[in-house]
Every structure is written in structure tokens, then in C-alpha cells.
Amino acid sequence: MRRVVGLVLMTAVLAIQSGCAGGTAAKRYQFPPSEDVRARLADVQVTAAPTEPTFQFEGPAKGAGGGARRGAGMGATGTMAAGAAAGGYGVLAGIVLAPVGALVGAIVGAAKAAPAEKVEQQERAVRDALQALKIEEGASACAEEAMRRQTPQTRIAAASSETASTIFEVAVERLGLTGPWTINPSLSFIMTERARLVRASDGAEIYSYRTVYLSRSRPLEEWLAADESALREEATRACHELAERLVDDVFLVYRPGGRP
Amino acid sequence: MRPMLGLTLILLAGGCARPYPSIGLRPVPVLMMGGWAPDPILRRADDLQPTLRWETFPRPVDAPAVSNISYELRIWRAEKNQDAPGQGLVLPGELVYARAGLVEPVHRVETPLEPDTLYLWSIRARFELEGRVRVTDWGALMFPRPFPTWLIPARGYYPIKTPSGTVRHGPAA
């Protein structure tokens with residue numbers, strides 16, 4: 001018995017020690033350009049990529065059918081998770097009872113979900129509000145403003161200039177609202193930007209960087225209230241904060257030896 | 001059996017006594033894992049104008065040939081991020097305080113913060129490397145979840161809670 005207890009304790013020590021040693025951040029960041037690349041950047045021209053952003057909407061379940069599907073998924077996974085947490089025979093019970101959880105979840109989901117027409121109308125309102133903002137055009141303006149403010153050492157070529165040696169191309173790849181796969185989730189404003197440094201002489205890509213703005217979550221109704229004012233304010237904030245980060249990471253941040 | 005239990009507890013405590021994973025400069029004293037406080041990351045300010053301290057730059061790991069070093073400090077009001085599992089429980093909201101050109105790794109907030117309010121703060125170094133301006137990452141914890149540094153607003157800035165009541169000029173936080 002003592003041997004068993006001792007073995008369990010030592011296993012716990014090893015497990016916790018290895019857990020504490022985790023948290024490696026190395027895969028969670030992108031490398032900035034090398035100092036050699038940066039040294040060759042002169043007369044940088046900021047441009048908007050000629051692409052339309054993809055609209056993203058991961059909102060509430062649409063109608064009783066959509067609610068039932070999500071409710072079934074939540075019910076099944078919730079039952080199995082509860083069983084796994086209990087351990088031992090609970091794992092088996094969780095698997096056996098998963099269909100019951102799915103059935104209950106489907107009934108609740110179908111009852112709670114908003115009508116499909118209403119959600120589709122809200123989705124159209126979000127899409128129209130974001131399209132009207134023309135964020136893809138504003139993103140390059142935000143980036144140029146950030147460059148002037150943050151990197152006075154970099155020469156910025158005029159948009160019409162043909163003397164630029166490097167193009168700093170900014171693209172809004174995706175934007176919209178996103179949330180967890182539940183019946184009526186709170187949603188976050190999401191905007192993905194990609195920046196590229198391109199050699200003007202031959203169009204070769206020197207460096208590429210992608211960053212994502214993900215706001216705090218709010219109910220969909222809050223995003224749409226007062227003529228979508230919250231949506232517009234968040235988009236403006238995202239434009240400036242993404243630009244600041246892009247300029248920081250592409251032109252300024254120094255990580256000795258790759259260490260953050 | 002008792003020596004085994006004692007050894008186990010010592011190893012458990014000792015094994016976790018290391019700094020929280022982070023990027024950029026860290027507050028001083030450095031936050032260590034393995035403490036017994038209910039919320040070891042949260043710092044409670046003694047004053048509505050707390051004194052914030054952080055690591056000196058350059059650190060041993062940084063390039064030695066840096067010059068014109070200064071620090072930038074930002075404080076945001078924290079916003080709760082409910083119903084967003086895995087995305088950070090609080091996020092930086094309104095930027096309420098910003099200073100640049102600080103020459104020492106310590107700063108007393110010059111204007112009182114709101115009482116009984118959760119704020120997030122961060123610092124970074126600005127310096128010259130071979131004549132070119134460079135900065136460190138904004139300091140942030142990569143804990144409890146190592147959020148990607150390219151996610152904005154950044155998760156993991158350092159939380160500080162102001163005391164309730166009126167302004168009181170007390171000792172450093």
C-alpha cells in the first residue's frame with residue numbers, strides 16, 4: 001500500500017513539475033524582420049492590398065433547427081466532460097449518457113434559439129455597417145499615420161512616388177463578429193490584417209506578418225444598437241491598434257536571439 | 001511515510017518557484033509561480049497614485065551595445081470579457097495613462113487613478129541599437145494561457161487594483 005501511495009505522490013510531483021516548466025512562449029510570436037532587412041528599408045511606400053476582406057459572422061444559432069444542432073452538441077460534450085471529470089466509471093457513464101445529453105440539449109437549444117430570419121437580418125446589418133466603413137482603405141491610412149508617428153527614422157515615399165524602394169502593403173483579410181459555438185453567444189469584433197514588405201524593383205516579398213484584433217465580447221444586440229455605433233467605434237480602434245502593432249513589430253521591435 | 005510526504009511537498013513547492021512565463025520587461029519584484037496567495041498575479045496598490053517598478057534594461061540577455069535608453073509606460077482600465085472562454089477574462093480598455101521618456105525603471109503615477117478599480121499596466125524600453133531606434137515588446141504575462149503576441153488587444157498585461165476610498169499619499173505599491 002505504501003509503495004502505491006509513494007508511487008502516486010512521485011508521479012504527482014513529476015506531473016506538476018513538468019506542468020510548471022511548460023508555458024513556452026516561443027511558438028506564440030512571429031519573428032520581426034532581421035536587422036539586415038531593416039537596414040535596407042528606405043523610401044517606404046504604404047499601400048492598400050487590392051483585395052476585399054472576407055466577412056466573418058459566427059453568431060447566434062439560426063432558428064429552432066440551428067439551436068437544436070448546437071444544443072445537441074453542447075449537451076453531448078457537456079455530459080462526456082462531466083463524466084470524465086468524475087473519473088473511473090464516470091467516463092463510461094458520460095459516454096453512455098451522451099445521447100441523452102444531446103437530446104436534452106437539442107430540446108433546450110431549439111426552444112432558446114432566435115428565429116432564423118431575425119439572425120439573418122442582424123447578420124446583414126453587421127455586414128452592411130462594416131462594408132460602409134471601407135476599412136480596407138482606412139487600414140493603409142492608419143498604417144501610414146502610425147509610421148509617421150512611430151518611426152521618424154524611416155523615409156516614407158508619397159503614394160504617387162515612383163522612387164520608393166520598398167512597398168509596405170497592408171491588407172484587411174477578414175473582419176466581422178465571432179463567438180463560441182453556443183445558442184446565443186456574446187460576440188467579439190474580429191479583424192485580421194496582413195502586412196507585407198515587398199521590393200519595389202521586382203515585386204519580391206521580403207517579409208510578411210499577420211495580426212488579429214479580437215475585442216471584448218458583447219451581445220449582438222449591443223453591437224447593433226444606436227445605428228451600430230459600437231461596431232464603428234471598435235472598427236476605428238482596431239484600425240489604429242493594428243497599425244501601431246504592425247509598425248512596432250515590422251520596424252521597431254528588437255528581440256535579441258529571438259527571445260521575447 | 002511522513003518523510004516521503006514532506007519530501008513531496010518540498011518538491012511541489014520548489015518545482016514551481018520560478019517566474020511566470022512572460023515577454024518583455026517584467027514588474028519588480030518579479031512574479032513567481034508557486035505562491036500560496038489566492039490571486040498571485042494581482043497586485044493591490046496602497047495608493048491611488050501607485051509607484052510602479054520594473055526590470056532595468058538592458059537585461060543580461062539583451063544586446064549590450066544599446067544607448068539612449070528610456071522607458072514607456074501605459075495604464076489601461078480593465079474591461080471584463082465575459083462569455084469568452086479562452087480569450088482572456090480581462091482586456092485593456094480605455095488608455096488612461098501614458099508616459100514616455102522615463103529614464104528610471106520606476107514611476108509614481110502622477111494623476112490619481114479611480115478608487116476600487118482594476119487596471120492593467122505595461123512597460124517597454126526604447127533605445128538605440130547601432131544608431132537605430134528600437135523597442136522591446138510590451139511586457140506581458142504568458143499565463144495562465146500563452147496568448148499569441150500578435151493578438152490585439154494584448155492579453156496578459158499586469159493587473160493592479162486600486163484601493164477603495166479617497167486619495168491617500170502612502171508608500172509605494
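What follows is calculated from the coordinates using simple rules that are stated; it is not laboratory data. Note that the coordinates shown come from a computational prediction; the quantities given were computed from them, not determined experimentally. Ideal geometry is used to build each Cβ from the backbone, glycine not excepted, and the neighbour counts take in all protein chains shown.
Side notes on the structure shown:
- Likely footprinting exposure, A:GLU145, A:GLU35, A:GLU234, fewest C-beta neighbours within 10 Å first: A:GLU35, A:GLU145, A:GLU234
- Averaged over the residues of peptide B:134-141, the number of Cβ atoms from other protein chains lying within 10 Å of each residue's Cβ is 5.
- Shape category assigned to chain A from the gyration tensor of Cα positions, a/c cut at 1.5: oblate
- Sorted ascending by nearby beta carbons within 10 Å, beginning with the fewest, B:ASP137, B:ASP47 become B:ASP47, B:ASP137.
- Gyration tensor analysis over the Cα atoms of region A:145-193 returns equivalent ellipsoid semi-axes of 38, 12, 7 Å (largest first, whole Å).
- Note on chain A: dipole from Cβ charges, positive end direction compared against A:ALA114, A:ALA82, A:CYS239; the farthest Cα belongs to A:ALA82.
- Prolate/oblate/rounded call for region A:32-117, Cα gyration tensor, a/c under 1.5 rounded: oblate
- Mean separation of Cα contacts under 8 Å, 6 or more apart, over the residue count of region B:19-161: relative contact order %: 34 percent
- In summary, region B:19-161 shows an alpha-carbon radius of gyration equal to 1.05 times the 2.2 N^0.38 Å reference for compact globular proteins.
- Sorted by Cβ density within 10 Å, fewest first, the residues A:TYR89, B:TYR20, B:TYR157: A:TYR89, B:TYR20, B:TYR157
- Within 10 Å of each Cβ in A:240-252, the average number of Cβ atoms from other chains: 3
- The value of relative contact order for chain A, using C-alpha pairs under 8 Å at least six residues apart, is 24 percent.
- Tensor-based shape of region A:86-230 (alpha-carbon gyration tensor, a/c under 1.5 rounded, otherwise prolate or oblate): prolate
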